[in-house]
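The values are calculated or read from the model by the stated rules, or taken from the named source; none is laboratory data. Note that this is a predicted model, so its numbers are computed, not measured. Using ideal geometry, Cβ is built from the backbone for each residue, glycine included, and neighbour counts are taken over all protein chains shown.
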Amino acid sequence: MRAVIYDQALEPQAREVADPRPGDGEVLITVAQAGFCGTDLHLHHGGFGARFPLIPGHEGVGVVTALGRGTTGFDVGQQVVVNPNAYCGLCAYCRAGDLVRCENLLAVGVNRDGMFAEQVAVPADQVFDAEGLDLDTAVLVEPASCAMHGLERLRPRPGSSALVFGAGPTGSLLAQMMAAGGVAHVTVADPAAAKLETVRGLGIDQTVPIELITDDNAESVVEGLRAASPTGTGYDVVVEATGSATVGNLGVPLLRNGGTLLVYGVAREDARLAVSPYELFRRELTVLGSFAEMTSFEAAIAMLRSGRVRTTGLITHRFGFEQYADAIEAAQHDRSAHKIVITP
Ligand SMILES: [Zn+2]
Ligand SMILES: [Zn+2]
């Protein structure tokens, strides 16, 4: 089969590789398409626990082609999506049922072969039925599951207000998840007008175009966003969905008393937030992190099936295996790129 494969960081190649065979308890899937995301950029540079040689791609949809020995519960021809994340079952966190915090996470497309390939073989317990979902929605189930985990971490108070920094695919999905999860008013802020237009089309209450944050304009951006909040006093929840600590630093000043800052974007490991401990104490603020997901696929699929969470307009770019370098270029430098999809 053909696939995108890395023998080492920075050097993706589209070439012929051995066909995968489904092992015991595995499902062989013919991939229809797979989403490209920020994680793939980290992998390109050898980060995020990449194990080479590697076929990346962790956000895939396809059709069951064959079942390994002892595999049940799926039919050949069934449309399915893959939860890329697997837990070890042996570490102290797993044994306590805290699966997403597993110390030995395995992930399809990160440290085992993924879905920028014509076919992939994965354990059946990571495969989910996606019959009836259109392909461009199904390809967003994985990011929607990560957004669902964010919602599960937040457990927002019904009737509260939220601000999301970053109108990227995951920010757009999490904004909708929060609205469906009881938040009364959701604002999304981003410098990219086209992305905000897409977010408005998805039914988000308010979008605010902002400048790229610098030390010079941070204060005026905070003032503008506070004034735009429903009460004029800030937000009960602020989500940092850009991965920038500069943006994250606007979170606490924009929280109402008792509010929660959710760190949801992937920041550089050496980045630091500047937070006033006095303010955390006096205003009883919470800072939460949300990383990936382990058990949120079923709930995310339900949200997409019912239409509570929509994906219309999120996919802007498509590339074949041979244009993988163009996909990386677009993800890094094309401001109009929202969700990029790789198609065999
Ligand atoms: Zn991803
Ligand atoms: Zn574990």
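Some points to look at:
- Region 78-93: number of residues that are in contact (Cβ under 8 Å) with a residue 60 or more places away in the chain and aromatic (Phe, Trp, Tyr): 1
- Among the residues here, Thr242 does not qualify as farther than 30 Å from Thr295 by Cα and surrounded by 20 or more Cβ atoms within 10 Å (Cβ to Cβ).
- Index of the failed condition, Gly73 passing every other in (1) within 16 Å of ligand 1 (Cβ to nearest atom); (2) in a loop (DSSP other than H, G, I, E, B): (1)
- Among the candidates Gly89, Gly70, the residue that is of a type in the set (Gly, Ala, Ser), surrounded by fewer than 19 Cβ atoms within 10 Å (Cβ to Cβ) and away from ligand 2 (no atom under 16 Å from the Cβ) is uniquely Gly70.
- Within region 18-39, the residues that satisfy the criterion of being at pLDDT 95 or above and closer than 30 Å to His333 by Cα are Val31, Ala32, Gln33, Ala34, Gly35, Phe36.
- Test: residue in region 14-26 that is within 15 Å of ligand 1 (Cβ to nearest atom) and either outside the structural domain of Ala107 (by TED's automatic domain parsing) or buried (at least 17 other Cβ atoms within 10 Å of the Cβ) (or both): no
- Put simply, of Phe281, Phe297 the only residue that is outside the structural domain of Val120 (by TED's automatic domain parsing), closer than 27 Å to Leu202 by Cα and of a type outside the set (Gly, Ala, Ser) is Phe297.
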